[in-house]
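First the structure, in the form of structure tokens, and then the observations on it.
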Amino acid sequence: MIIRNYLGWTIRALSFETAALLLIAASAGAQDLETAARAYRTQASAARRAAVLGAAKPPALGSLALAAADLEARRMPEALAGFLKARKELPLLADHAEYGAAQALISLGRKPEALPILASLISRKPISPHRAAAIFASVDILMEQKQPDRAAALLAPNLDDVPEAKGKFLYASALEAAGDAKAAALEYQGVFFDYARAPEAAKAKEALDRLRTSMGRDYPPELPSAWLGRADQLIDAGRGKEAAAELLRLTPNFTGGDRDRAQVRIGAARYRARDYAGALQHLSGLSVSQPVLDAERLSLIASSARRLNRSAENASALRELAAKHPVSPWRLEALLGEVYQYLVANQPERYEPIYEVCFGTFARDERAGDCHWKFAWSHYLRRSPDAEQLLWNQVEKFPKSEDAPAALYFLGRVAEQRRDFEQARALYEAVSSRFPNYYYGVTSRQRLDAAVLAKIRPDARTASRVAAAGLAESGSGADFTMDEPTRVRIRRAGQLAVAAIDDWAEFELRFGASVDAKRNLIGIELAQLAVRQGRHAQGLRYAKAYSGKYLTWHIEDAPVKFWKLVFPLYYRDDLEKHSRANEIDPFIVAGLIRQESEFDPEAVSRARAIGLTQIMPATGRDLSRRLGIRKFTNAMLTKPEFNLRLGTYYLKKILDSQDGLWVRTLAGYNAGPTRANRWKTWASFREPSEFIETIPFSETRNYVQSVLRNADVYRRLWGKL
């Protein structure tokens, strides 16, 4: 393993073709080919065609580049000739050339000639990213040729390797065309019931209606359980009205438990469709025999009544749940819906008993850890004598909960307050080591740097106790060593990128990560490819999406290149200029942008906030007026320099109104200054972290922690700004 030193750290170097895509593109020949290929795509001419062929090494790569551009421009004869040449002379990318050639042949009306080429592609190793499309194209041709038996035979062994709903629908269509109506009906039913949210479900319904008529008594029965499963899918997809309508039509034909379940699902569908009054009316009149259904019914009644502010009916349903179904998950569901209103109103006397029931009665539920934390935190904040034991309970009973780092950190603060500095150091070291890029990893390192702890030895018994708790380990999954399948995928994508076939290059990498290549390495390549194309936000998303639990990695676990892709610093000059002009920390601004827009200058949120720092149009208009900027338009917010000018100015205004405290400033930026001002009155906070943990909105609490965590990583990665 090669070891190198970057920015003062010892970093594990990449043991593969480092920056493969960028290295290929960096060479003079590759740049010439890519430039020439892009020029030809913009406007084809004989001279530009010659330039592509002259720049390509190997020459067949130029043929592939030209063929892909010709295919996109619908110049099919030229595309076919180029793809066939590349297929023969460029074995590394033969499957891509085959797919292009088949597309050209199909467009030229020469479909039978495409079949053997598609068959070659389907059988190639490594598996081609075009394999599923090639299977579907072959099936379409075979069906047109009135060969449904061959189409079905091709699909049957490959159903697991193609998009499920589409593959099963085509398989059903082939079976129907081949005359096997019963098998076709069963496959159509599978699509209709098992993939209710897919577009093919509607097509399957049309086919089933047709077969139901033609088959008569031979039509396979549709089981109530299938309809109920379909209804659950529709409800989860936000199509509650549709689910309710289907079940209302079918319920008279159901009996026993199926009928009861259908009736409860109608209520659930209405509730999810926000018809709370309809759900309450329907469910209140029901009587079901199965305890699990009755528990769900009562839970939905309680939730509907709460939404309608009908407190008596809500309380009655909760009491009945407790009496009849005390350990049902549906009771937990109702309690968690109930408790939130007391949490956001800062009523610990109301929410503490409910949280105690949640983690006491439902200790094995994954939500029990959060319930226990809310209870423990409330005790800590009012300085209850049992707070320390509750914090230890959080660590030892719920070690995998997201709140374990906070519990360890505040145990360290308790130890410091009683001047047990050895224990405090052991606790802070545990947080910093196991959760290096989490907010409490940052705050723990800050405590460790304090003079009072700098020369203290950690308490061994405390360290052993923490080690025995079963907390998450750091560094898991940080594998950046190269293997052959990944090397092949990167080489193939690199040549496609040089040929300016961007969509196929990206497709190659994404497909490779799903079948045989290492995700961490593919993530780097995808991110670099997106950045080269100016898609900064997509590059960041790729780096994050393909790296798993990267926040548990230490800086030395991954290459600096990776960290700078996952914590990028675009628009650096403008960011620094406007941050300095408003006397605010540029690293916090960078951390905020990463959280708000992922450095996408044209990002628009669901609330219609725009740009890098996500400014609402009305706010932008007001800020522009204050800064003396005339003729403001919403489109101006998509301009990085303008957005940064307004965003940093706005942050400074909030910071000044919050006594210079970033935790309250960021809370106000995310949830509104009015809420931040209300939350700061809820306790006598001894440090910023106490304010953060008291924020009742999970989104805002996580946001504040993430921005401050981001800022710390930016400081370590990018040095002084």
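The values are calculated or read from the model by the stated rules, or taken from the named source; none is laboratory data. Worth saying up front: this structure is predicted, and the values here are computed from it rather than measured. No Cβ is skipped: glycine too gets one built from the backbone with ideal geometry, and neighbour counts run over all protein chains shown. Quick note on the areas: whole protein, heavy atoms, side chains included, nothing else; ligands and nucleic acids left out. Shrake-Rupley method; radii C 1.70, N 1.55, O 1.52, S 1.80 Å.
Some points to look at:
- Checked against the criterion of being assigned to a loop (DSSP other than H, G, I, E, B), at pLDDT 95 or above and either hydrophobic (A, V, I, L, M, F, W, C) or surrounded by 15 or more Cβ atoms within 10 Å (Cβ to Cβ) (or both), the candidates Ala469, Ala463 yield just one match: Ala469.
- Just one of (1) within 26 Å of Val663 (Cβ to Cβ); (2) of a type outside the set (Phe, Trp, Tyr); (3) free of Cβ contacts under 8 Å to residues at least 40 places away in the same chain fails for Ser579. It is (3).
- Residue list for the range 287-301, filter: farther than 14 Å from Arg272 by Cα and either buried (at least 21 other Cβ atoms within 10 Å of the Cβ) or within 37 Å of the chain's Cα centre (by Cα) (or both): Pro291, Val292, Leu293, Asp294, Ala295, Leu298
- Condition met for Arg630 (among the basic types (Lys, Arg) and either at pLDDT below 95 or in contact with a strand residue (DSSP E or B) (Cβ under 9 Å, 6 or more places away or on another chain) (or both)): yes
- Qualifying residues in the range 684-721 (those that are of a type in the set (Phe, Trp, Tyr) and in contact (Cβ under 8 Å) with a residue 24 or more places away in the chain) - the one surrounded by the fewest Cβ atoms within 10 Å (Cβ to Cβ): Phe697
- Here is the figure for the range 660-673: residues that are of a type outside the set (Gly, Ala, Ser) and either open to solvent by less than 40 Å² (accessible area, probe 1.4 Å) or in contact with a Gly (Cβ under 8 Å, 6 or more places away or on another chain) (or both) total 5.
- Positions within the range 507-518 being surrounded by fewer than 18 Cβ atoms within 10 Å (Cβ to Cβ) and not in a helix (DSSP H, G or I), in sequence order: Asp516
- Members of the range 122-168 found to be surrounded by fewer than 22 Cβ atoms within 10 Å (Cβ to Cβ) and among the hydroxyl-bearing types (Ser, Thr, Tyr), listed by number: Ser123
- Complete set of residues in the range 629-659 that are open to solvent by less than 50 Å² (accessible area, probe 1.4 Å), in a helix (DSSP H, G or I) and of a type in the set (S, T, N, Q): Thr638, Asn643, Thr648
- Within the range 442-460, being assigned to a helix (DSSP H, G or I), touching a residue at least 24 places away in the same chain (Cβ under 8 Å) and either within 18 Å of Trp392 (Cα to Cα) or open to solvent by 70 Å² or more (accessible area, probe 1.4 Å) (or both) holds for Ser444, Ala460.
- In summary, Arg272 fulfils each of the numbered conditions (1) within 17 Å of Leu247 (Cβ to Cβ); (2) open to solvent by less than 50 Å² (accessible area, probe 1.4 Å); (3) not acidic (Asp, Glu) with the single exception of condition (2).
- Selection count where residues are hydrophobic (A, V, I, L, M, F, W, C) and either open to solvent by 30 Å² or more (accessible area, probe 1.4 Å) or in a loop (DSSP other than H, G, I, E, B) (or both), scope the range 481-498: 2
- Number of the exception - Ala478 against (1) more than 30 Å from Pro405 (Cβ to Cβ); (2) in a loop (DSSP other than H, G, I, E, B): (1)
- Test result for Thr486, closer than 30 Å to His130 by Cβ and either of a type outside the set (Asp, Glu) or at pLDDT below 95 (or both): yes
- Among the candidates Ala132, Ala165, Ala137, Ala97, the residue that is under 34 Å from the mean Cα position of the chain (by Cα), part of a helix (DSSP H, G or I) and either in contact (Cβ under 8 Å) with a residue 40 or more places away in the chain or farther than 30 Å from Gln495 by Cβ (or both) is uniquely Ala165.
- Residue within the range 364-374 that is among the small types (Gly, Ala, Ser) and under 22 Å from Glu699 (Cβ atoms) present: yes
- Tally of residues being open to solvent by less than 60 Å² (accessible area, probe 1.4 Å) and in a helix (DSSP H, G or I) across the range 228-244: 11
- Phe254 being farther than 30 Å from Gln290 by Cβ and touching a residue at least 12 places away in the same chain (Cβ under 8 Å): no
- Screening Leu336 against (1) open to solvent by less than 40 Å² (accessible area, probe 1.4 Å); (2) closer than 19 Å to Pro696 by Cα leaves a single unmet condition, (1).
- Filter result for the condition that a residue is farther than 29 Å from Gly256 by Cβ, without any contact (Cβ under 8 Å) to a residue 40 or more places away in the chain and basic (Lys, Arg), over Arg310, Arg319, Arg382: Arg310
- Qualifying position, being closer than 27 Å to Val515 by Cα and surrounded by 17 or more Cβ atoms within 10 Å (Cβ to Cβ), among Ala65, Ala51, Ala56: Ala65
- Selection within the range 555-587: residues that are within 22 Å of Leu627 (Cα to Cα) and among the hydrophobic types (A, V, I, L, M, F, W, C). The member of this set that is nearest to the chain's Cα centre (by Cα) is Leu575.
- The range 524-554 - residue that is charged (D, E, K, R) and free of Cβ contacts under 8 Å to residues at least 24 places away in the same chain and, of those, nearest to Arg487 (Cα to Cα): Lys544
- Counted residues, the range 169-227 - those being surrounded by fewer than 13 Cβ atoms within 10 Å (Cβ to Cβ) and either under 31 Å from the mean Cα position of the chain (by Cα) or among the aliphatic types (A, V, I, L, M) (or both): 3
- Taking the criterion of being among the charged types (D, E, K, R) and within 30 Å of the chain's Cα centre (by Cα), the residues of the range 654-677 that qualify are Arg664, Arg675.
- Enumerated helices (runs of 4 or more DSSP H) restricted to the range 276-348, each holding at least 2 residues that are out of contact with any Ser or Thr (no Cβ under 8 Å at 6 or more places or on another chain) and within 19 Å of Gly240 (Cα to Cα): 276-284, 291-307
- Scope the range 483-523; condition without any contact (Cβ under 8 Å) to a residue 60 or more places away in the chain and in contact with a Phe, Trp or Tyr (Cβ under 7 Å, 6 or more places away or on another chain); matching residues: Ala513, Arg519, Asn520, Ile522, Gly523
- The set of residues in the range 192-201 that are more than 16 Å from Ala231 (Cβ to Cβ) and assigned to a helix (DSSP H, G or I) contains only Glu200.
- Residue check for Val414: within 33 Å of the chain's Cα centre (by Cα), open to solvent by less than 30 Å² (accessible area, probe 1.4 Å), at pLDDT 95 or above and among the β-branched types (Val, Ile, Thr): no
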